[in-house]
Amino acid sequence: MSDGFFCSYHLSWSRPDAESLLGDLEAAGVRADHPVTRRITLISPGAGPAGTQSFVTRDQLVLLAGLQRLDRVDFLLWLPGGDAVHVRIGRCDDGAVELRFALGPPARADEERLVRAIREAIGRASLLCVGFVLDREGASAATDWPGFIVKGSVYFDCWPDTLAVLPEVAAAQPQLSGVNSFTQSPWTVYGSDVPNR
C-alpha cells in the first residue's frame, strides 16, 4: 500500500454495509471493475502469497468485503483515469472493522475526488462508523489509530490531515483539548477540514 491513507472504523460490518459502500463509491465514479477490462481484482485472498491477484464477480466481492468468510480482504478500486486504489477491509483485534484506502500516485484532483467519495460513503453509515483518519503523506502511519479512535486509549505522535472521533473520545483525549474542531454528526472533526473562522 502507498504511504497516504484514509481509514475508517466501524463497530459493526456486514454484507449489506459492503454493498452500500461499493454502490456509493460507484455512484461517485470510483469503481470495483477496471475501466477497460471490467475485471474485479482481489488481492491475496486467504493464504495465498502476498500480491497474488485473482478475479471475482461483484457478488463475490460483496460477500468477501462483508467479512462473511474472511477476517480480511484486499481488493482494488479504480478511478476514472485508470489509477488503482488498494483497499483493505479487516477486523481489528477488538472486533471493530477497519476500512483502509491507500492514497498516493493519483493526481491531486483525483485524490480529492476519492477522499470526498469515501467520506460521503462512510458517512451514510455514520451510526456504525465511530471515526476516521485521513493522512495524505502517511506521516502518522505508525499510530495505533484503532486504539485512538475506537477505544480512546492511546496517543499519537504526529497529526494527520484530518481526524474524526466521537464526542466522548474527543472529551477524554488531552491531545484534542483546545484544538480547533467542528461537529459533523456524529463526529468531532479536527485538522485541515476545520473551517477558518
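The values are calculated or read from the model by the stated rules, or taken from the named source; none is laboratory data. Remember, it's a predicted structure, so these values are computed and weren't measured experimentally. Counting neighbours? That spans all protein chains shown, and the Cβs are built from the backbone with ideal geometry, glycine included. The accessibility values were calculated without ligands, DNA or RNA, using every heavy atom of the protein model including side chains. Shrake-Rupley method; radii C 1.70, N 1.55, O 1.52, S 1.80 Å.
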Would you please list the contacts, defined by Cβ atoms under 9 Å and residues six or more apart or on different chains, that run from a residue in region 22-38 that is in contact (Cβ under 8 Å) with a residue 24 or more places away in the chain and β-branched (Val, Ile, Thr) to a residue that is open to solvent by less than 40 Å² (accessible area, probe 1.4 Å) and part of a loop (DSSP other than H, G, I, E, B)?
-> Val30/Leu79; Val36/Gly82
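For every residue, the table says whether it meets (1) touching a helix residue (DSSP H, G or I) at 6+ places or on another chain (Cβ under 8 Å); (2) aromatic (Phe, Trp, Tyr); (3) modelled with pLDDT of 90 or more.
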{"residue": "Asp157", "(1), (2), (3)": "no, no, no"}
{"residue": "Leu166", "(1), (2), (3)": "no, no, yes"}
{"residue": "Val169", "(1), (2), (3)": "yes, no, yes"}
{"residue": "Leu176", "(1), (2), (3)": "yes, no, yes"}
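Scan Leu42, Leu63 and give me the residue that is modelled with pLDDT under 95 and either closer than 25 Å to Leu11 by Cβ or of a type in the set (Lys, Arg) (or both). Even if it seems obvious, please write down each step before you answer.
Details: Leu42 fails: either closer than 25 Å to Leu11 by Cβ or of a type in the set (Lys, Arg) (or both).
Exactly one of Leu42, Leu63 is modelled with pLDDT under 95 and either closer than 25 Å to Leu11 by Cβ or of a type in the set (Lys, Arg) (or both), namely Leu63.
Results for (1) free of Cβ contacts under 8 Å to residues at least 40 places away in the same chain; (2) part of a helix (DSSP H, G or I); (3) under 19 Å from Leu67 (Cβ atoms), shown as yes or no for each residue.
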| residue | (1), (2), (3) |
| --- | --- |
| Ile89 | no, no, yes |
| Leu99 | no, no, yes |
| Asp110 | yes, yes, no |
| Arg116 | no, yes, no |
| Gly138 | no, no, no |
| Ala142 | yes, no, no |
| Val150 | no, yes, yes |
| Phe156 | yes, no, no |
| Trp159 | yes, no, no |
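Go through region 16-31 and give me each residue that's surrounded by fewer than 21 Cβ atoms within 10 Å (Cβ to Cβ) and touching a helix residue (DSSP H, G or I) at 6+ places or on another chain (Cβ under 6 Å). Explain how you work it out, then say what you get.
So in region 16-31, the residues surrounded by fewer than 21 Cβ atoms within 10 Å (Cβ to Cβ) come out as 16, 19-20, 23-24, 26-29, 31.
Passing the criteria: Glu19, Asp24, Ala28.
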